[in-house]
Amino acid sequence: MEIITGVDALQAKTLGWRREGLEVGFVPTMGFLHRGHTSLMDLARPRCDRLVVSIFVNPLQFGPGEDLDRYPRDPGGDAAKCDAAGVDVLFIPDDFYPPDFTTSVDVAEVSLGLCGGKRPGHFKGVTTVVSRLFGLVQPTLAVFGEKDYQQLAVIRRMVRDLAMPITIVGGPLVRDDDGLALSSRNAYLSAEQRARGLSLSRALNAMAAAAAAGERDVAALKALGAGLIEADRLDYLELVDAESLAPIERLERPGRALAAGFFGPTRLIDNVSVNVAVNVAASPG
Ligand code: AMP
């Protein structure tokens, strides 16, 4: 595996591959890698000829007072994990943005609610960095995790709207054995905060179970989930249309339950799919 730190060197490498007709896969990350990240590499690896992973803690997607300055880092461990996953190039940029960088990419609608509502400017930072990364890596395929379900929807919309010739693949959310969604930020949690953090997945799963048992009223499902979450501060708990992320009142189509909350100073997010109950009595035959 080659480690590249310069933007020009990276682009020269990937343009060379593309001229040879090679399919380039890409997994962008902020590092401190765990099984959630490597699962995306495992998804990409058989679908491309060359695989690039980036590690860049992008200042544009952090708000004032967020954890940009203390985001966990482990470059040595990350490189070993990428190497083991069969990554060809690990891109860890030194100077990522030109000093006079002024362009931004902003996807409306799907980035407005949920995390976008609570972290103003966050998705604009994400779509801007991902656009520049796409320009540098020239991927034919890029993999993003369903852990960040809204981010995946925003990226899909950006790629469609801007006609970027890139296949976006979503990877399933990977959890720890106890059910906590794997996240680099879990490293911040005390044992007590982590135990309460588990209430996010417990609440979302309870909503999914109630829906599977026939409950279609979204307000009732949300009340059920909200009663189970043990956050110090709940940012949001929503049940939305799984595709458009638009608010719904009744569950008539596949839905997605998403939650974000603070456990101490640490903000955790989680989501599960919520499917309408199969009405056996109404099925034909
Ligand atoms: P991050 O390093 O947090 O920016 O995440 C980089 C990529 O890994 C994003 O596409 C995330 O959605 C994905 N990811 C992070 N955690 C998980 C997880 N537990 N399961 C699946 N994908 C994940």
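With the contact rule set at Cα under 8 Å and sequence spacing of 6 or more, what percent relative contact order holds for segment 173-232? It would help to have the intermediate numbers written out before the result.
On the way: 44 pairs, mean separation 20.6, N = 60.
Once divided by the residue count of segment 173-232, the mean separation gives 34 percent.
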Problem - Net charge contributed by nearby residues that have their C-beta within less than 14 Å of Ala277 (K/R +1, D/E -1) - result: 0
Practice task
Please report, to two decimal places, log10 I(q)/I(0) for segment 5-49 at q = 0.14 Å⁻¹ as given by the Debye formula with identical point scatterers on the Cα atoms and no solvent.
Solution key: -0.43
Practice task
Please provide three numbers in whole Å: the alpha-carbon extents of segment 50-95 along the principal axes, with the largest listed first.
Solution key: 36, 18, 15
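Relative contact order for segment 203-285: what percent, with Cα pairs under 8 Å and sequence separation of 6 or more?
Numbers: 150 pairs, mean separation 27.0, N = 83.
About 33 percent, as a whole number.
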Completion exercise
One can check that the equivalent ellipsoid of segment 1-140, built from the alpha-carbon gyration tensor with semi-axes equal to the square roots of five times its eigenvalues, has lengths in Å, largest first, of 25, 18, 15
Exercise for the section: Let me know the shape class of segment 198-246, please: from the alpha-carbon gyration tensor, a ≥ b ≥ c as square roots of the eigenvalues, rounded when a/c is under 1.5, otherwise prolate if a/b is greater than b/c, or oblate. Expected result: oblate
Handout entry: Under 29 Å from the Cα of Lys13 - lysines, other chains or at least 8 residues apart
Key = Lys81, Lys124
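Eigenvalues of the Cα gyration tensor times 5, then square-rooted: what semi-axes does that give for segment 114-197, in whole angstrom, largest first?
On the way: eigenvalues 162, 45, 25 Å².
Result for segment 114-197: semi-axes of 28, 15, 11 Å.
Between Leu234 and Val169, what is the FRET efficiency for a Förster distance of 30 Å, r being their Cβ-Cβ separation, to the nearest 0.05?
Working: r = 31 Å, r/R0 = 1.03.
With R0 = 30 Å, the Cβ-Cβ based efficiency is 0.45.
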Fill in the blank from the handout: For Lys118, counting only aspartates and glutamates whose alpha-carbon sits under 18 Å away and dropping same-chain residues fewer than eight positions off, the answer is Glu66, Asp67, Asp106, Glu109, Asp148, Asp232, Asp235, Glu238, Asp270
Exercise for the section: Sort out for me the Cα centre separation of segment 38-103 from segment 211-257, rounded to whole Å. Expected result: 32 Å
Problem - Alpha carbon convex hull of segment 173-212, projected area averaged over orientations, nm² - result: 3.1 nm²
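Between Leu15 and Ala80, what length in nm is gained on full extension when 0.36 nm per residue of separation is reduced by their alpha carbon distance? Don't skip to the answer; put the middle values down first.
Values: separation 65, 0.36 × 65 = 23.40 nm, distance 2.55 nm.
So the extension gain works out to 20.9 nm.
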Practice task
Could you rank the peptides 34-42, 231-239, 15-23 by their average count of other C-beta atoms within 10 Å per residue, with the highest value first?
Solution key: 34-42, 231-239, 15-23
Handout entry: Cβ charges +1 (Lys, Arg) and -1 (Asp, Glu), total dipole of segment 93-136, debye
Key = 240 debye
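Which of rounded, prolate, oblate describes the chain, given a ≥ b ≥ c as roots of the alpha-carbon gyration tensor eigenvalues and a/c under 1.5 marking rounded, otherwise prolate only if a/b is larger than b/c?
On the way: a/c = 1.84, a/b = 1.55, b/c = 1.19.
Prolate is the answer for the chain, as a/c is 1.5 or above and a/b outweighs b/c.
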Handout entry: Volume in Å³ per residue [convex hull over Cα atoms, computed for segment 109-148]
Key = 80 Å³
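How big is the C-alpha Rg of segment 39-119 next to the rule-of-thumb value 2.2 N^0.38 Å, as a ratio? Display every interim value, and only then the final one.
Values: Rg = 16.0 Å, N = 81, 2.2 N^0.38 = 11.7 Å.
Normalised Cα radius of gyration, segment 39-119: 1.37.
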Completion exercise
Binned at 10 Å starting from 0, the alpha-carbon pair-distance distribution of segment 133-277 in whole percents comes out as 12, 37, 32, 17, 3
Handout entry: Point-to-point label distance, Leu68-Glu252, nm (Cα→Cβ direction, 7 Å offset)
Key = 4.4 nm
Fill in the blank from the handout: By the Cα gyration tensor axes a ≥ b ≥ c (a/c under 1.5 gives rounded; else a/b larger than b/c gives prolate, otherwise oblate), the shape of segment 80-157 is oblate
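Got the relative contact order for segment 1-112 handy, in percent, Cα pairs under 8 Å and 6 or more residues apart?
Details: 140 pairs, mean separation 41.4, N = 112.
Rounded, it is 37 percent for segment 1-112.
Every read-out reported here was derived from the displayed coordinates using simple, explicitly stated rules and does not represent laboratory data. If you're wondering where the values come from, they're calculated on a predicted model, not measured in any experiment. Glycine also receives a Cβ, built like all others from the backbone with ideal geometry; neighbour counts cover every protein chain displayed.
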